[in-house]
Amino acid sequence: MNVLDAIAARGSVRQFSDRTPTQEELARLFDAANLAPNHRLTQPWRFSVLGPEARAAYGLALGHRKAKKATDEVQADSIRQKTSDEHRAQPCMVIVAMTLHENLEIREEDYAATMMAVQNLCLAAVELGLGTHIRSGAIMGDPASRAAAGVPDDERIIAVLTVGTPLEAPMPKTRRPATELTRWMA
Ligand SMILES: Cc1cc2nc3c(=O)[nH]c(=O)nc-3n(C[C@H](O)[C@H](O)[C@H](O)COP(=O)(O)O)c2cc1C
């Protein structure tokens, strides 16, 4: 598959089969991510692969946050359990974190580079017949979710990925054409 086809085929996958990607497949994704452009070659990206117990712990952390909207403790408990179970049932979760350089300019470059690594990973997944869904949000800064992913204090989580075999091809989203978003300066 050429790169343009992979870019066109990538989309956020919402339904996955039960199959967990193999370690070899995941290693290929991380190798592709590791080739992302990166000023000063700081290689700021770090990947955590979450097995079922870690996924359940991450889901419980998210469930605790969701349960704050519950009207009673029974409902809160049900939300926590459901969110935890849903995460355990995912085929695979990959948490992408980045190191935090003391120089803020480098830190911003590192954030950009780590996002490019995420895109490399997502495109490589298309080539391997895998699908991805990126998630984010305040949960990424939650001590319990960070602990579930084994992320140390001197790193920041920047993306939470589900990786697996798609049950169907993702539907392309309608986008404004790039021509509307482009300035051609003489
Ligand atoms: C940095 C980033 C954070 C995202 N966070 C979420 C999220 O928290 N929840 C979610 O459902 N999708 C999330 N997405 C996925 C986007 O919603 C999705 O990429 C967008 O709707 C375009 O759809 P596509 O990926 O199918 O092209 C995120 C994507 C990016 C790049």
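Throughout, read-outs are computed from the coordinates displayed, never taken from laboratory work. Since the model is a prediction, treat every value here as computed from it, not as a measurement. A quick note on method: Cβ atoms are made from the backbone with ideal geometry, for glycine too, and the neighbour counts reach across all protein chains shown.
Side notes on the structure shown:
- Translational diffusion of the chain, µm² s⁻¹ [Kirkwood Rh, Cα pairs; Stokes-Einstein; 4 °C; 1.567 mPa s]: 73 µm²/s
- When Val96, Val118, Val3 are sorted by how many other C-beta atoms sit within 10 angstrom of their C-beta, beginning with the fewest, the order is Val3, Val118, Val96.
- The fewest-to-most ranking of Tyr111, Tyr58 by surrounding Cβ atoms within 10 Å reads Tyr111, Tyr58.
- Neighbour-count ranking [beta-carbon atoms within 10 angstrom, fewest first] of Trp184, Trp45: Trp184, Trp45
- Under-5 Å amide H pairs with Val13, H placed in peptide plane, nonlocal only: Thr132, His133
- Compared with the dominant Cα axis of the chain, that is its longest principal axis, helix 23-33 is turned about 50°.
- Here the Karplus relation 6.51 cos²θ - 1.76 cosθ + 1.60, evaluated at θ = phi - 60°, turns the backbone of region 104-116 into coupling constants of 5, 5, 5, 4, 5, 4, 5, 4, 4, 5, 5, 5, 5 Hz, with x for every Gly and Pro.
- Where N is the number of residues in region 39-114, Cα Rg divided by 2.2 N^0.38 Å: 1.49
- Acute angle (nearest 10 degrees) that the helix 73-88 long axis makes with the longest principal axis of the chain, alpha-carbon atoms: 40 degrees
- Taking amide H positions as modeled 1.01 Å from N, with prolines and chain starts lacking one, the residues under 5 Å from Leu161 and 5 or more places away or on another chain are Val94, Ile95, Val96, Arg135.
- Applied to region 67-72, the Karplus parametrisation 6.51 cos²θ - 1.76 cosθ + 1.60 on θ = phi - 60° returns per-residue 3J(HN,Hα) values of 5, 5, 7, 5, 8, 8 Hz, with x for Gly and Pro.
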